Amino acid sequence: MNDFKRISDAGNLKGKVALVRVDFNVPMENGLVTDDTRLKAAVDTVQSLRTAGAKVALLAHFGRPNGQRVAEMSLAPIAGAFAKVLGANVSFVADCRGEHARRAIAELPPAGVILLENTRFYEGEEKGDPELAREIASLGDIYVNDAFSAAHRRHVTTAVLADLMPAYAGINMEEELDALDKALGRPVRPVLAIVGGSKVSSKIDLLKNLVTKVDALAIGGGMANTFLFARGYSVGKSLCERDLMDTAKQIEAIAKASGCDILLPRDVVVAREFKANAPHRTCGLDEVSDDEMILDAGPQSVAILAAAMDVAKTIVWNGPLGAFELTPFDAATVAAAKAAAVRARAGKLVAVAGGGDTVAALHHAGLAQDFTFVSTAGGAFLEWMEGKALPGVEALKASHMV
């Protein structure tokens, strides 16, 4: 995966215009950014280009305007928010193509930064329209993609621009790709994957890919119930996709043929109501009543998972082990995250995690900073785990020439 071009490969950038794709699709409330995590993620790339003497023109989308100009989805308010994070002036132009944008870029001072208007105001963006790509490419000299979160889409500004101009990975993208390469591309073995979440149906491709690549796969959350059901256990009124019993058996068969051990819960926490602090008990797999639902893995299951971590050199984690948003059914996720964090901090393994619920769970546990790398990319991270080629990454590979 890490055979891609980086900013350090770009040569002399003094006086050049860098078109930089960033992820500024940030949460907003009353015209104000409520979480600037994604803005902060772009700072290193922008500063690196400015230090090299380049003008920086930022490309980003916000929301789903479906090819129309929607005033509430303008990036204008974000320019000021990014300026505060960057510690430098950031101008704004109400277009991302055409003469208006061209003049605004030309008027930038050396090392100046400008944010162009929402790229999705043009329907050609999401369609990968070559004409729109040519118009935007004409505004700059090089293209830098720093938005791994959008790399699973072949849009104009996430991939097609790389067909038309020298293309490089931004520093945030670079760190993401290097971390993912260590996790699944060329990992130190043994590799343990932990996959949780509510439904098997949303992660069939992921599971089928992982069992052919990792040494052990721990399955938790609601999706574990489907595998337990397929093994003949009663899961009461738990979330369970009974119609996917054969799929679960197929995944287990692929795992066995590939030499991958599947780890399922050995004990579970059950309750009769899906609500915080509902009366609950811990029991064995053969002790779940018909009117109970499995809401978390039990302590014995966590101990087994921790023992698997002692053997592993690499962990890839996607999805919680239980209904972590409800206390006390967050216990297994928090305990397992602590076990992984302790080992990662001690340098005993590489721990990479990603996916919206996973990131939320790790922050809930206060342990995100202790993992080797935590991806906030969501859909792109999931597709990468599924083994799919990501258009935005493929476009940056050294073998991809303009």
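The values are calculated or read from the model by the stated rules, or taken from the named source; none is laboratory data. Because the structure is predicted, anything quoted here is derived from the model rather than measured. Here the Cβ positions follow ideal geometry from the backbone for every residue, glycine too, while neighbour counts run over all protein chains shown. Ligands, DNA and RNA are stripped out before the accessible areas are found, and what is left, the full protein with its side chains, is counted by its heavy atoms. Shrake-Rupley method; radii C 1.70, N 1.55, O 1.52, S 1.80 Å.
For the reader, a short list of remarks on this structure follows.
- Annotation: S8 fulfils all but one of (1) assigned to a loop (DSSP other than H, G, I, E, B); (2) modelled with pLDDT under 95; the unmet one is (1).
- Taking the numbered list (1) under 17 Å from S74 (Cα atoms); (2) touching a strand residue (DSSP E or B) at 6+ places or on another chain (Cβ under 6 Å) in turn, A18 passes all entries but (1).
- Of the residues making up region 82-109, those that are assigned to a helix (DSSP H, G or I), of a type in the set (G, A, S) and surrounded by 13 or more Cβ atoms within 10 Å (Cβ to Cβ) number 4.
- Being more than 22 Å from N225 (Cβ to Cβ) and not in a helix (DSSP H, G or I) is a property that holds for K348.
- The set of residues in region 29-48 that are more than 20 Å from the chain's Cα centre (by Cα), within 25 Å of S8 (Cα to Cα) and among the β-branched types (V, I, T) contains only V46.
- Of the residues A133, A52, the single one that is closer than 20 Å to N172 by Cα and either of a type in the set (K, R) or at pLDDT 95 or above (or both) is A52.
- The one condition in (1) open to solvent by 20 Å² or more (accessible area, probe 1.4 Å); (2) at pLDDT 95 or above that R38 fails to fulfil: (2)
- Against the criterion of being among the hydroxyl-bearing types (S, T, Y), surrounded by 15 or more Cβ atoms within 10 Å (Cβ to Cβ) and within 30 Å of P187 (Cβ to Cβ), S48 qualifies.
- Filter result (assigned to a loop (DSSP other than H, G, I, E, B) and aliphatic (A, V, I, L, M)) within region 110-144: A111, L139
- Among the residues of region 171-203, the ones that are open to solvent by 40 Å² or more (accessible area, probe 1.4 Å) and over 15 Å from the mean Cα position of the chain (by Cα) come to 11 in all.
- Filter pass, G53 being touching a Lys or Arg at 6+ places or on another chain (Cβ under 6 Å), small (G, A, S) and either at negative phi or open to solvent by less than 40 Å² (accessible area, probe 1.4 Å) (or both): yes
- Considering each residue of region 159-178 in turn, at least one proves to be in contact with a strand residue (DSSP E or B) (Cβ under 7 Å, 6 or more places away or on another chain), closer than 30 Å to L263 by Cα and touching a residue at least 60 places away in the same chain (Cβ under 8 Å).
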